[in-house]
Amino acid sequence: MNFKKIMITALLFLFAVISFTMIAPKAADPANHRHSIEQTEDKIASVMTLSGGAAATSATLSLLPGDICTPLAEQLAELAKYFLLILSALYLEKFLITLSGYISFMCLIPLACVILGFAVIRGRRDFLRTALKIALIAVIIFLIVPASVKLSDMVYRTQESKVNDTIEQYNDLEIDGDSDTGLIGELSSITSGTIDKITSFMDNMLESLAVMIVTACVIPLLVFAFLIWLVRVIFSANVLVMDAKTLDAIANRLQ
C-alpha cells in the first residue's frame, strides 16, 4: 500500500469521525433549524385552533333540540378528525427537521467514508459506487425536510389570510336562538341567520382544510417523490452513475 492511499484513507476516516462527533450534533440541534421549526409551529397553532373550533362548534350544535343542526354537527366532527391527521403530519415534519440531519451525519456519511476508505485500500469499484450512493442518499435525506418545509411555507403564505379569516370567524361565532332561560342546551329554535353563519363557517373551514392538506401533506410527499425520482435518474444516467471508464479513472488517480 503506497503513501498516497494511506493518506486518503486516513483523511476519509478522520472526516467520518468529524461527521459523527461534530457535524451531527450541530445538524440535529433545533437552534440551527429555528426558522423551519417556527414556520411549522405556526401551522400547528393554526391547525389546533381550527380543529378545536370544529369540535367545539359540533358539540354545541349537538346540544340543540331537534335534528335541524345534526348534519352540520356531524360534518364539523368529521372536519375535526381531518385536522387531527394534519396535526400529526405537522408534528412528524417538526421531528424530522432535526432527525434528518442526525441520520445523515451520524450514520450515513461516516458509513460512506468508511466504505470509500476500503475502496481506496482494496481498489474495489463496487465499494466506490456503493459509497457514492450512500453519500448522495445522506445529502438527500438532509435536504428533503427543509426543502419541503420551505416550499410548503411559500404556498401557505399565499393562502394564510384565508386560514386566519376562518380562525377569526370562529372566535366571533355565536350561536343565537330562542330560549326561555338563555342556555344553549335549552334553545327551542335557532335563527336562520345563525344557520347561515354556521354554513359560512363550514365553507371557510373546508377551504382552510384544503390549504392545510396541500401544504402539510401533498407538498412534502411531492418533494419526497421528486427527490426519489431524481436519485433514480442520477443512478440510471451513465455519466452520473459512473460507468466502468469513469471508475477506472478515479481508481487510477487514487493509486
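For Asp165, what accessible surface area do you get with a 1.4 Å probe? Give it in Å², rounded to 10.
90
Taking 0.36 nm per intervening residue step and subtracting the Cα-Cα distance, what contour gain separates Ile6 from Ala45 on full extension?
Working: separation 39, 0.36 × 39 = 14.04 nm, distance 5.42 nm.
Between Ile6 and Ala45, full extension yields an extra 8.6 nm.
Just list whichever of Lys5/Lys26; Lys94/Lys162; Lys43/Lys162; Lys26/Lys94; Lys81/Lys197 have alpha carbons separated by over 19 Å in the model shown.
On the way: Lys5/Lys26 30 Å; Lys94/Lys162 23 Å; Lys43/Lys162 13 Å; Lys26/Lys94 16 Å; Lys81/Lys197 22 Å.
Distance filter (> 19 Å) returns Lys5/Lys26; Lys94/Lys162; Lys81/Lys197.
Solvent-accessible area per residue for the range 34-177 at a 1.4 Å probe radius, Å²? Show your work: numbers first, answer last.
Working: 7200 Å² over 144 residues.
Per-residue value: 50 Å².
Roughly how much of Lys26 is accessible, in Å² to the nearest 10, using a 1.4 Å probe?
Taking all protein chains as shown, Lys26 has close to 130 Å².
Can you send over the carbon and sulfur percentage of the accessible area for the range 16-84, probe radius 1.4 Å, protein chains only? Could the numbers behind the result be given before it?
Details: 2190 of 3490 Å².
Accessible surface attributable to carbon and sulfur in the range 16-84 totals 63 percent.
So, taking all protein chains as they sit and a 1.4 Å probe, how much accessible area belongs to Met154, in Å² rounded to tens?
Using a 1.4 Å probe on the heavy atoms, I get roughly 110 Å².
Of Val17, His35, Leu85, whose Cα points farthest to the positive end of the dipole of the range 1-127 (charges on the beta-carbon: +1 Lys, Arg; -1 Asp, Glu; origin at the Cα centre)?
It is Val17, whose Cα lies furthest towards the positive end.
Roughly speaking, what is the stretch gain from Ile213 to Leu230, that is 0.36 nm per residue apart minus the C-alpha to C-alpha distance, in nm to one decimal?
Details: separation 17, 0.36 × 17 = 6.12 nm, distance 2.43 nm.
Full-extension gain reported as 3.7 nm.
The values are calculated or read from the model by the stated rules, or taken from the named source; none is laboratory data. Keep in mind that what you see is a predicted model, and the values were worked out from it rather than measured. Here the Cβ is made from the backbone with ideal geometry for all residues, glycine too, and neighbour counts use every protein chain on show. Side chains are part of the model used for accessible areas, which takes the heavy atoms of the whole protein and leaves out ligands, DNA and RNA. Shrake-Rupley method; radii C 1.70, N 1.55, O 1.52, S 1.80 Å.
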